[in-house]
Structures are given as C-alpha cells and as structure tokens.
C-alpha cells in the first residue's frame, strides 16, 4: 500500500521530536550548571532519526549512554572509565577531571533528564495527527482502486 503522506508525517515528526528533545536537554543542562555554579558543556545528542518503512517504526540513533541521560544513575559504583574518558574527550575536558567525575557519580549518582517523557506527553497529539494522515492515505488508495 502506498502511504506517502504517512511516511512524510512520521519523518517530520521524528525530526521535530528529536529537535525538541535536544533543545530541552540543552536548556536543562544550562539551568543545572547555573544552579550548581558549574560549567555548561554543549553536546550533540543525536542527529540520526527517521521512519523505517521496512520495520514500520521511527528509529533514533541515540548514544549508548542515553539511558543514563534519561533515567539517571544511582550511587554505588563508578561508571566505566572508557565511557567517562570518551565523554571528556568529546567535550574538551582535561583528563585530570576523569577520576573526580567518576568518583562523584559513584558517591552521588546522577539525575536524569527524563527526555522520553516528552515523547509520552505528546503521544495523544501524535496519534490524532497520525490517524488523520493515515486516513487520507487510505482514502487515496481506495480512490485509486475504484
């Protein structure tokens, strides 16, 4: 079945939601850094998002640490050395900061950004719009059959 309007809507929605998530995270990072008297570090969260017609799903290319960005991490163990080392390298933070960062995370944990809540909060609107676009495509397909 040909669903060009639905595919276009899903691709546009995926990009719009990813942009919204990135803006929210950056805003929240600035707010937290300011409140803590710390340094704000801008990071690129993801730039790959699209509707996969073969799997019939929106695919997001989030980094492997995105679960911790979303939900946070409880205190207890130090995060993996490589994960923090890679993060400090990407953000031009000196290697001397790696151990203190890992130690603080082990002692205090981290607070998540809960960015997946943005997706769930918009689900009703998303489904309403998807229903309209999908119905239009179905109508167009039926029109071609008659």
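The values are calculated or read from the model by the stated rules, or taken from the named source; none is laboratory data. All values reported here derive from a predicted model rather than from experimental measurement. Neighbour counts run over all protein chains shown; Cβ positions are idealised from the backbone, glycine included.
Computed quantities for the displayed model
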read-out: Restricting the range 51-78 to residues that are crowded, with 16+ Cβ neighbours inside 10 Å and touching a strand residue (DSSP E or B) at 6+ places or on another chain (Cβ under 7 Å), the residue that is farthest from residue 115 (Cα to Cα); value: 51
read-out: Any hit, the range 46-55, residues being more than 20 Å from the chain's Cα centre (by Cα), assigned by TED's automatic domain parsing to the domain that holds residue 137, part of a loop (DSSP other than H, G, I, E, B) and at negative phi; value: yes
read-out: Subset of the range 82-109 [at pLDDT below 90, assigned to a helix (DSSP H, G or I) and within 17 Å of residue 29 (Cβ to Cβ)]; value: 87, 88, 90
read-out: Flag for residue 58 being in contact with a helix residue (DSSP H, G or I) (Cβ under 8 Å, 6 or more places away or on another chain), assigned by TED's automatic domain parsing to the domain that holds residue 25 and part of a strand (DSSP E or B); value: yes
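For every residue, the table says whether it meets (1) under 23 Å from residue 66 (Cβ atoms); (2) surrounded by 14 or more Cβ atoms within 10 Å (Cβ to Cβ).
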{"position": "94", "(1), (2)": "no, no"}
{"position": "97", "(1), (2)": "yes, no"}
{"position": "108", "(1), (2)": "yes, no"}
{"position": "120", "(1), (2)": "yes, no"}
{"position": "126", "(1), (2)": "yes, yes"}
{"position": "131", "(1), (2)": "no, no"}
{"position": "135", "(1), (2)": "no, no"}
{"position": "141", "(1), (2)": "no, no"}
{"position": "144", "(1), (2)": "no, no"}
